[in-house]
Each structure stands twice: as C-alpha cells, then as structure tokens.
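**Q** Okay, here's the structure, questions in a sec.
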Amino acid sequence: MSDAVRPDLSGSSPNRGSAPRAAAPEPAPPAADPRVYRAVLAVTYLPVMLSGAHLEVHGREHVPPPGTPLVVAANHRSGLDPFMVARSLPPGRLVQFMAKKELFVPVIGWIISTGGSFPIDRSGNDLGALRMAVRILKNNGTVGIFPQGTRGGPALQGGVALIAAKARAPILPAGICRDGRRWIVRFGPPIEAQGGIKGVTAELGERLRELAQPVGEPV
C-alpha cells in the first residue's frame with residue numbers, strides 16, 4: 001500500500017446526498033480461548049522436540065507489558081513460525097494472527113478461530129480483516145502479522161504500518177531463523193507507526209533482516 005492511497009478502515013461510506021444511515025454494528029473482535037491456545041502451542045512444539053531441536057528466545061525485554069495494544073511483525077519461512085512466535089512471547093500476551101482464509105476449513109478452522117486467529121483473503125485488499133485487526137488492537141489485544149504475505153515473500157506489504165497507525169499501536173519486530181538444532185526467535189525494540197507508511201515499512205524490513213540472523217552459540 002502506498003502513502004497516496006490508503007483504504008478507509010472505519011467502515012463508513014461516503015455520503016452521496018442521501019440521508020445518513022445508522023452504522024451497522026461491527027462484529028466483536030475474536031477472543032482467544034486460553035485452553036485451546038496453550039494446547040495448540042504444546043502440540044505444535046512436539047515436532048521441534050522430536051527432531052532434537054529447541055527454541056531460543058532473545059530480546060524478550062523489548063516486549064511491552066500485557067494489557068496494551070501490540071502488533072507483532074515477523075519474517076516468514078515455515079509453517080511453524082506462528083507457533084514459535086506465540087510460544088516466545090511472555091505470559092499474558094496471547095497473539096492473534098491473520099491467517100489465510102484457505103486454512104479455515106472444518107475442524108482446523110474451528111481450532112484456529114478458537115485460538116483467536118482470523119481469516120484474511122490474500123488475493124486482494126481485505127478491508128474486513130484489516131478492520132478486525134484494528135478492533136483487536138483497540139481492545140488492547142495483540143495481533144500477529146507476517147508482512148511478507150507468503151513464506152519467503154520478496155517484499156514487505158504496507159498493511160502492518162497502516163493497521164498500527166490506525167490503532168495507535170507499536171510494532172514489535174520478530175526475527176525467526178533456524179541454526180542447526182536451534183529455532184531462534186529474536187525480538188527488537190518496538191517501532192512507532194509514525195512518519196508515513198512507506199517509511200515505517202522500510203524501517204521494519206531493515207529490522208527484520210537484522211533480527212533474522214543467527215545469534216548466540218550454534219548447537
């Protein structure tokens with residue numbers, strides 16, 4: 001998304017001379033069921049342990065305290081990335097991810113939704129998903145986004161900066177990498193969504209490139 005064209009996330013329509021209509025009530029933001037959330041994190045960590053690997057977390061001191069809005073933006077390489085990021089956050093931070101709508105099929109979709117995540121249509125500008133993210137943040141929630149859009153995507157999208165700006169929430173960059181038997185999640189200092197979409201997106205991209213490099217002693 002460019003600075004020149006920014007979609008209206010308020011849900012309102014331009015008044016074209018007709019009498020204003022009462023705004024339709026917005027759907028409540030999805031809430032994460034802590035029991036399902038923890039169960040999913042436990043199950044998805046099994047492949048990591050069974051492979052002899054383990055998770056290392058660096059920079060947890062940069063994570064703002066629970067009860068405040070936060071956008072967690074990470075690079076994307078593996079299907080396990082959302083679970084590694086969620087597992088790395090301090091207790092009290094239940095991250096709700098934007099997930100591609102194709103995942104919301106029977107059973108799996110129920111688990112994803114009950115865990116707090118919500119669908120996004122990646123074929124275009126899904127304003128409904130963007131508005132949902134803003135509502136979660138305004139409710140002091142935590143939204144997780146992979147700004148590359150797809151695993152290993154070549155460029156960052158501007159939606160992260162737009163959502164953070166609309167909700168007045170900081171962006172927490174999270175770098176993910178594999179180094180031998182280590183899964184590494186590394187958090188950096190939060191980025192304030194100020195100074196324009198392009199500028200914030202460029203800063204986020206630079207931070208993610210730095211944070212996605214191995215750190216510490218290889219195992």
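**Q** Which pairs turn up if I take residues in region 107-129 that are under 16 Å from F83 (Cα atoms) and without any contact (Cβ under 8 Å) to a residue 24 or more places away in the chain and look for partners that are of a type in the set (A, V, I, L, M, F, W, C) and open to solvent by less than 60 Å² (accessible area, probe 1.4 Å) with beta carbon separation below 6 Å, at least 6 apart in sequence or on another chain?
**A** Listed by first residue and then by second, the contacts come to I112/A99.
**Q** Here's something else I'd like to know. Keeping to region 175-192, report how many residues are in contact with a Leu (Cβ under 8 Å, 6 or more places away or on another chain) and open to solvent by 10 Å² or more (accessible area, probe 1.4 Å).
**A** Number satisfying all stated conditions: 3.
**Q** Then there's this: Scan region 27-52 and report the pairs whose first residue is under 19 Å from I111 (Cα atoms) and assigned to a loop (DSSP other than H, G, I, E, B) and whose second residue is open to solvent by 40 Å² or more (accessible area, probe 1.4 Å) and among the hydrophobic types (A, V, I, L, M, F, W, C), with Cβ atoms within less than 6 Å and a gap of 6+ or a chain change.
**A** From region 27-52, the pairs are A32/L94.
**Q** Residue by residue through region 57-74, note down the ones that are on the phi < 0 side of the Ramachandran plot, open to solvent by 40 Å² or more (accessible area, probe 1.4 Å) and not polar (S, T, N, Q).
**A** Answer for region 57-74, where residues must be on the phi < 0 side of the Ramachandran plot, open to solvent by 40 Å² or more (accessible area, probe 1.4 Å) and not polar (S, T, N, Q): V57, H58, R60, E61, H62, P65, P66.
**Q** Considering every residue within region 97-105, establish whether at least one is under 12 Å from the mean Cα position of the chain (by Cα) and under 16 Å from K166 (Cβ atoms).
**A** So far as region 97-105 goes, yes, one or more of its residues are under 12 Å from the mean Cα position of the chain (by Cα) and under 16 Å from K166 (Cβ atoms).
**Q** On to the next question. Show the residue pairs meeting these rules: Cβ distance below 7 Å; 6+ apart or different chains; first residue within region 189-215 and on the phi > 0 side of the Ramachandran plot; second residue open to solvent by 40 Å² or more (accessible area, probe 1.4 Å) and acidic (D, E).
**A** From residues that are on the phi > 0 side of the Ramachandran plot, the pairs are G196/D3.
**Q** While we're here: Restricting the search to region 185-201, which residues are in contact with a strand residue (DSSP E or B) (Cβ under 9 Å, 6 or more places away or on another chain) and over 30 Å from Y45 (Cβ atoms)?
**A** Within region 185-201, E192, A193, V200 meet the criteria.
The values are calculated or read from the model by the stated rules, or taken from the named source; none is laboratory data. Worth saying up front: this structure is predicted, and the values here are computed from it rather than measured. For neighbour counting, all protein chains shown are included, and Cβ atoms are generated from backbone atoms with ideal geometry for every residue, glycine included. Surface accessibility is based on the protein's heavy atoms, side chains included, excluding ligands, DNA and RNA. Shrake-Rupley method; radii C 1.70, N 1.55, O 1.52, S 1.80 Å.
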